[in-house]
Structure formats: C-alpha cells, structure tokens
Amino acid sequence: MAGAHGADNRDVDTERNLSLLKDYQAYLRVEKGLRPLTCEAYDSDLKTFAEVIEERHGVLLTATQEDVAAFLEHLRSHGIDSRSAARKLSCLRGFYKWLLLDRRIHHDPTVNIESPKSWKVLPKSLAEPEVAEMLERAGMAASHPQARATALRDRAILELLYAGGLRVSEVTALSTSDLALEAGRVQVRGKGDKERIVPLGRTAVEALEQYLREGRPHLARIGSARKASAARPDAARLFLSLRGMPLTRQWVWHVVKTSNGDASPHRLRHSCATHMVEHGADLRSVQLLLGHADISTTQVYTHLALGRLKEVYRSHHPRAKRRDAEIASNVDSLPDSPTNLLVFPLKETA
C-alpha cells in the first residue's frame with residue numbers, strides 16, 4: 001500500500017509540474033514572442049529538470065539550490081558537455097525569474113549557482129582563408145555565363161551569413177522588403193521578434209542585387225504557377241526554393257555544408273564575430289551586430305579583444321616602444337581572462 005501511495009504522490013507531482021510548464025510555455029509564446037523551436041527547447045530542458053526533482057520527491061515550485069546542483073551533476077554524469085549544461089542552467093534562470101515576477105515563489109533556487117567553467121569558451125570558427133575560399137567558389141559558380149538561379153541564391157546566402165553574422169532562422173525569415181541595399185543594410189528579426197539593422201559590405205550587397213535581378217524572378221515564377229499563390233502570405237520571402245517556396249532552415253544548412261563540410265550557418269556567424277574582433281572591433285559593436293541581448297553572451301570573444309589590446313599597447317605606448325625585454329615579458333604575461341576587464345571595459349551601458 002505504501003508503494004502505491006508513493007506512486008500516487010509521484011503522479012500528482014508530475015501533473016503539477018506539467019501544468020506549471022504549460023503556463024510558462026504560454027508566457028514564452030505570447031508575452032515574450034519566442035519562436036516555436038525555442039519554446040520546445042526550453043520545455044524539453046525544464047521537463048528534464050522536473051524529472052530529476054521528482055526523483056528527489058520535490059516539485060518545480062519548491063526546488064532548492066541543492067536540487068539545481070543535483071541537476072547539473074546529473075547532466076555531467078550523463079556526458080552532457082559544460083556548454084550545453086550552461087545553456088540549460090540559463091533556461092532554469094529564466095523560468096524561476098518568471099515565477100518570482102508572477103509571485104508564485106519567494107526564492108530563486110538558481111541564485112549563487114555557478115555556470116560550468118567553459119561557459120566562456122570561444123565558439124569554433126573558420127579561418128579567414130577557409131571562408132574566403134568558400135565565398136570565392138560560390139562567386140565563380142554564380143558568375144558562370146549559364147549560372148542557374150540557385151547558384152545566385154546560394155552565393156547570396158553565404159555572403160549574407162558571413163557579412164552580417166545572421167542566424168539561420170533570421171535568413172529564412174527575411175522578406176524582400178527587409179532589404180535596403182542602396183543604403184547597404186538589412187532589417188533582421190531576431191529572437192523574441194526583436195528587430196535590428198545589420199550593415200552589409202559591398203560584396204554581400206552585390207551578391208544580393210544579382211540574385212534579386214537574375215535569380216529570384218525565375219524562382220518566383222515557378223511559385224506563381226502554383227495554385228492559390230496570390231493568397232500565400234510568404235510569397236515575398238527573399239530566398240526561394242526550386243519549387244518557388246520559402247527556403248527552409250534545413251536547406252540553408254545543406255547549402256553551407258555543400259560549400260564546406262566543416263562549416264555550418266552557426267560557425268559562419270561565429271566566424272564573422274571572431275574575424276571582426278581580430279581586426280579590432282569592440283565587443284559592444286559585435287553585440288549589436290549579432291543581436292545578443294546581453295553583453296555577457298558576446299564576452300566569449302574577450303580573449304581575442306585582449307590580444308588586440310596587447311598589440312595596440314606595443315604599438316602605441318611610449319614605454320613599450322623601448323622594446324625592453326622585461327617590458328615585453330610583462331605585457332606577454334597578461335592573462336587572457338575576464339579579470340582584465342578593469343583595463344578593457346566591456347560592460348558598457350546603453
């Protein structure tokens with residue numbers, strides 16, 4: 001009987017957790033305006049956390065710091081890398097912040113929980129020559145006298161991903177009206193439907209102009225021949241498939257992978273940011289370009305910025321110009337860590 005009673009309690013706990021998560025999903029969709037795939041990812045992470053808590057005979061509303069720590073240990077023991085664990089912890093923080101604002105709880109169990117150490121590890125990026133080779137190949141295919149509409153489209157996609165650091169979902173959501181090529185920019189809708197203006201370089205602008213002039217009209221004609229095309233709300237999408245339909249995320253991944261097996265839309269985005277920082281861009285500008293809500297997300301590029309700082313110091317500080325071995329040694333010994341934020345402020349206020 002005791003076992004049956006315990007099972008009943010477990011069922012009640014599960015129902016309470018699922019009901020709470022359903023409310024949170026509605027909040028994310030309606031009030032935060034997050035995309036369905038993002039909501040599904042959050043829901044999956046929170047359900048995993050709920051299962052761990054239920055094993056510890058608790059529910060989401062009564063979770064403690066010990067429960068959160070046990071969850072992180074559960075992830076580690078199951079081979080989840082620390083970066084993914086940090087993302088899941090970030091999901092929990094957002095969830096409990098909502099519960100606090102909604103006055104459903106009085107204490108946030110994620111407070112004082114440290115993120116895994118490699119949260120600040122720089123994402124992998126492609127070397128500049130690798131990106132240049134990708135874009136040159138795409139440019140050669142698009143410049144062929146008998147270039148197909150898809151070659152022009154694929155070149156424009158690759159140039160846009162690298163030039164603007166766009167997410168793959170942002171690329172597929174673009175409409176022709178979002179472009180302002182005469183001004184060299186594009187209006188992008190990012191996470192939470194937040195809009196931002198992204199500047200584009202000359203090469204990307206030229207690739208988009210050629211696609212709009214010679215490639216997209218052909219693909220659009222195919223789409224217009226389909227039934228009820230006039231009623232389609234997505235008829236103005238920028239990138240179209242061979243069937244004249246809006247290009248999917250999966251197909252953009254295919255385009256990038258075909259160009260370079262080691263690349264992905266996400267790696268091109270990180271390559272854009274990495275190469276900008278390596279050439280002297282400040283992190284605040286990179287944050288605005290990528291559409292990061294918080295500068296802390298952009299700070300994964302900190303050590304690149306600090307490397308640039310050392311170079312500038314050697315070139316411009318009057319004492320550094322003596323090329324004294326001791327001074328050079330002191331400069332080289334600067335640790336590439338966030339502790340140097342005192343001499344290189346990153347957390348600027350808007």
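Would you mind getting me the FRET efficiency between M140 and L212? Use the beta-carbon distance for r and R0 = 22 Å, nearest 0.05.
E(calc), rounded to 0.05, equals 0.65.
Evaluate E = 1/(1 + (r/R0)^6) for S84 and H254, where r is the Cβ-Cβ distance and R0 equals 30 Å; express this FRET efficiency to the nearest 0.05.
Computed FRET efficiency for S84 and H254 comes out at 0.80.
With a ≥ b ≥ c taken as the square roots of the eigenvalues of the C-alpha gyration tensor of the range 21-82, please select rounded if a/c is under 1.5 and otherwise prolate if a/b is larger than b/c or oblate if it is not? Don't skip to the end; give the middle numbers.
Numbers: a/c = 2.82, a/b = 1.56, b/c = 1.81.
Because a/c hits 1.5 or more and a/b fails to exceed b/c, the range 21-82 counts as oblate.
Quick check: pseudo-label points 7 Å beyond the Cα along Cα→Cβ at R243 and Y313, how many nm apart are they?
If labels sit at R243 and Y313, their model points lie 5.8 nm apart.
How much length, in nm to one decimal, is gained on full extension between E195 and A147, taken as 0.36 nm per residue of separation minus their Cα-Cα distance?
The span from E195 to A147 would gain 13.9 nm if fully extended.
Suppose R0 equals 22 Å; then what is the FRET efficiency for E133 and L181 from their Cβ-Cβ distance, rounded to the nearest 0.05?
Computed FRET efficiency for E133 and L181: 0.30.
Only the coordinates and a few stated rules stand behind these numbers; no lab work does. Computed from a predicted structure; not experimentally measured. Backbone-built Cβ (ideal geometry, glycine too); neighbour counts: all protein chains shown.
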